[in-house]
Amino acid sequence: MIITAMGRWNPAPGRLLEWHPTAAAEAIAAAAPADSTPPSFLQEDHLKAAWAARERGDVHTAYTGVATEIDGDVDTDAMSRALAAYVVRHEGLRCWFEVENNTVVRHLATPEVAAFEVSDAGESTDDEQFQRYVRQRFSSGATADVWPGFVVGVVARPGSFTLYYGADHAFTDGGSQALVISELADLYALETGAQVPELAEAGSHLTYAADERARAATFGSDAPEIAAWRDIFTRHDGRMPRFPLDLGLAPGEKAPVRIVERHLLDKDLTAAFDAACKAAGARMSSGIFAAVGITDFELAGATDYFGITVLSTRHHGDYGQSQGWFVNFAPVAFEVAGHDTFSDVAALAHRGFEEAKQIAEAPVHAVLGALAADGTLGSELAVSPNMLSYIDFRWFPGVGRDADTRAKHFTGEGSTSNASMWINRDGEHLYLVAQTPDNEVAAAAVQRYHDHLAHVLNTIARESDYDITLDHLVQEPAGAGHLDH
């Protein structure tokens, strides 16, 4: 699987087949009663924002999707049964939501809602036409206010077909998207009589959401995890992390997203970089943060690294195979200035990243509430931080099998004021995907940044270390928005 821009997903032309609930299933969903299980914290934030966006008349882009290629002619009846089995396995996918007086109300349908039928939407003729079609389908169908909150379809042609799945972000995260396409392919194969590995049980996201609320209530304002957040933000003037170079935006301004992709290291150099991290007493994840911190220092003079990362929370229950939003956020901070080599910084980054894992035991909303109450964070609560995520896709269950190997994962593209990065490792290479503002200043800054990060990573991989200098420091024009950490 590779993460890519939605615009770079262009399957071969074919017949456009869509799966929709049967009339009986739609009636069951519409009549589904309110359920007392609260949304997870991230669901609640997302759903309130989505309702506000809809009131403004914004195009819905808060979805994420995945697609793969499957050999053989599509068996539409088998796919209908597979999709029903998939929904029965994941309780959270039987939900839809509404927002009443700023309160999120969950509706949960019975398992009988899982009944689907196929419809023919015509022919895919070229890339431009397909992109218009699929974006409209995701925008109108992958929403949380009407069940189902996901769309499934196929581009069928003799001898093969493209299977795709897209969901409103309320129902999924990056890990779920990496799981779903293999699961759907396995369920489909089972329905056609093929032999596939047994599917593990999948815990419910509703159970997770209730547990998250209960866990959050156990963290007082003086809890060590909240104290760690407070200390990090106090040392950084109570500000959310920003991209270190000027992106051509005024304070608070956003621009439409431009997805940037960059190959960083091939398979052998990735292994060499991993070995260099271990030699420095760090894991590869920490080494990635160290390389980014060095890049921030060498290009922008940021004396220490400060960022927000995404960490999985699936370890809080039997959620390894579950569909839903199973993540939390945590700050990562460590010194860079005053150290001469990558090896020095990697050890510090390792401690910073390990601390982030401990901090992330506290649900972020419990933390932000405490930091808002004591004044650590004020208006910055409304600021989206620059983020860095690292995922090693080699450890996902479907790795090595066709559906996963041929899969592409993509997101909707809204607006941003940052240039957050998703750095990923698979069996073939290390690469990054970034959501950047679509303007000339940002394009130049991001390319310079990614070029230098690639140089740092390549040097470490080839030479087992890297000497830190300020020879590359950007001299910004007067008035540019330089960020001092």
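The strands (runs of 3 or more DSSP E) found wholly in region 248-367 and carrying at least 1 residues that are surrounded by fewer than 18 Cβ atoms within 10 Å (Cβ to Cβ) and of a type in the set (S, T, N, Q) occupy 304-312.
Name the single residue that is farthest from VAL446 (Cα to Cα) among those in region 216-244 being within 23 Å of the chain's Cα centre (by Cα) and open to solvent by less than 40 Å² (accessible area, probe 1.4 Å). Applying the filter and picking the extreme gives ALA216. Looking across THR459, THR376, one residue alone is assigned to a loop (DSSP other than H, G, I, E, B), surrounded by fewer than 21 Cβ atoms within 10 Å (Cβ to Cβ) and touching a Phe, Trp or Tyr at 6+ places or on another chain (Cβ under 7 Å). It is THR376.
The residues of region 56-97 that are closer than 15 Å to ALA403 by Cβ, open to solvent by 10 Å² or more (accessible area, probe 1.4 Å) and assigned to a strand (DSSP E or B), listed by number, are GLU69, ILE70, ASP71.
Which one is most open to solvent (accessible area, probe 1.4 Å) among residues in region 119-159 that are among the hydrophobic types (A, V, I, L, M, F, W, C) and farther than 19 Å from VAL66 by Cα?
Residues of region 119-159 that are among the hydrophobic types (A, V, I, L, M, F, W, C), as a first pass: 121, 130, 134, 138, 142, 144, 146-147, 150-152, 154-156.
Filter once more, keeping what is farther than 19 Å from VAL66 by Cα: 121, 146-147.
Values: ALA121: 43, VAL146: 89, TRP147: 18 Å².
Checked region 119-159; the qualifying residue most open to solvent (accessible area, probe 1.4 Å) is VAL146.
Given the criteria buried (at least 24 other Cβ atoms within 10 Å of the Cβ), modelled with pLDDT of 95 or more and under 19 Å from CYS95 (Cβ atoms), does ALA210 qualify? No.
Beta carbons closer than 8 Å, at least 6 apart along the sequence or on distinct chains, pair a first residue in region 79-97 that is closer than 19 Å to ALA30 by Cα with a second that is of a type in the set (D, E, K, R) and in a helix (DSSP H, G or I) for VAL87/ARG94. Scanning region 98-118 for residues that are open to solvent by 40 Å² or more (accessible area, probe 1.4 Å) and touching a residue at least 60 places away in the same chain (Cβ under 8 Å) yields THR110, GLU112, GLU117, VAL118. None of PHE297, PHE342, PHE306, PHE329 is out of contact with any strand residue (DSSP E or B) (no Cβ under 7 Å at 6 or more places or on another chain) and within 23 Å of LEU247 (Cβ to Cβ) except PHE297.
How many of the residues making up region 199-226 are of a type outside the set (S, T, N, Q) and either under 23 Å from VAL152 (Cα atoms) or in contact with a strand residue (DSSP E or B) (Cβ under 6 Å, 6 or more places away or on another chain) (or both)? Even if it seems obvious, please write down each step before you answer.
In the first step, residues of region 199-226 are kept if they are of a type outside the set (S, T, N, Q); the result is 199-203, 205-206, 208-217, 219-220, 222-226.
With the extra rule that they be either under 23 Å from VAL152 (Cα atoms) or in contact with a strand residue (DSSP E or B) (Cβ under 6 Å, 6 or more places away or on another chain) (or both), the set shrinks to 199-203, 205-206.
Counting residues in region 199-226 that are of a type outside the set (S, T, N, Q) and either under 23 Å from VAL152 (Cα atoms) or in contact with a strand residue (DSSP E or B) (Cβ under 6 Å, 6 or more places away or on another chain) (or both) gives 7.
Return the residues of region 98-124 that are of a type outside the set (A, V, I, L, M), part of a helix (DSSP H, G or I) and in contact with a Lys or Arg (Cβ under 9 Å, 6 or more places away or on another chain); say none if nothing qualifies.
From region 98-124, those of a type outside the set (A, V, I, L, M) are 98, 100-103, 106-107, 110-112, 116-117, 119-120, 122-124; that's our starting set.
When the remaining residues are screened for being part of a helix (DSSP H, G or I), the result is 111-112.
Correct list: PRO111 only.
Being assigned to a helix (DSSP H, G or I), open to solvent by 10 Å² or more (accessible area, probe 1.4 Å), of a type outside the set (Lys, Arg) and in contact with a His (Cβ under 7 Å, 6 or more places away or on another chain) is the requirement here; does ASP186 meet it? No; evaluated as a whole, the condition is false for this residue. Considering (1) more than 21 Å from the chain's Cα centre (by Cα); (2) hydroxyl-bearing (Ser, Thr, Tyr); (3) more than 25 Å from THR459 (Cβ to Cβ); (4) at pLDDT 95 or above, the lone condition that SER322 does not fulfil carries the number (1).
Among the residues of region 125-156, how many are in contact with an Asp or Glu (Cβ under 9 Å, 6 or more places away or on another chain) and assigned to a strand (DSSP E or B)? Adding up the residues that qualify gives 6. Just to be sure before I move on: is ALA84 closer than 23 Å to GLN323 by Cα, touching a strand residue (DSSP E or B) at 6+ places or on another chain (Cβ under 8 Å) and among the aliphatic types (A, V, I, L, M) in the structure I sent? So ALA84 passes the test.
Note on region 462-474: among residues that are within 16 Å of ALA276 (Cα to Cα) and not acidic (Asp, Glu), the one that is surrounded by the most Cβ atoms within 10 Å (Cβ to Cβ) is TYR466. Among the residues of region 386-413, the ones that are within 14 Å of the chain's Cα centre (by Cα) and not basic (Lys, Arg) come to 13 in all. Of LEU206, LEU163, LEU187, LEU179, all but one fail to be of a type in the set (A, V, I, L, M, F, W, C) and over 29 Å from ASP75 (Cβ atoms); the exception is LEU206. Considering only residues in region 299-320 that are in contact with a Gly (Cβ under 9 Å, 6 or more places away or on another chain) and of a type in the set (S, T, N, Q), the one that is farthest from VAL336 (Cα to Cα) turns out to be SER312.
The values are calculated or read from the model by the stated rules, or taken from the named source; none is laboratory data. A quick note: this is a predicted structure, and the numbers were derived from the prediction, not measured. We place every Cβ from the backbone using ideal geometry, glycine too, and count neighbours over all the protein chains shown. Accessible surface areas use protein heavy atoms only, side chains included; no ligands, DNA or RNA. Shrake-Rupley method; radii C 1.70, N 1.55, O 1.52, S 1.80 Å.
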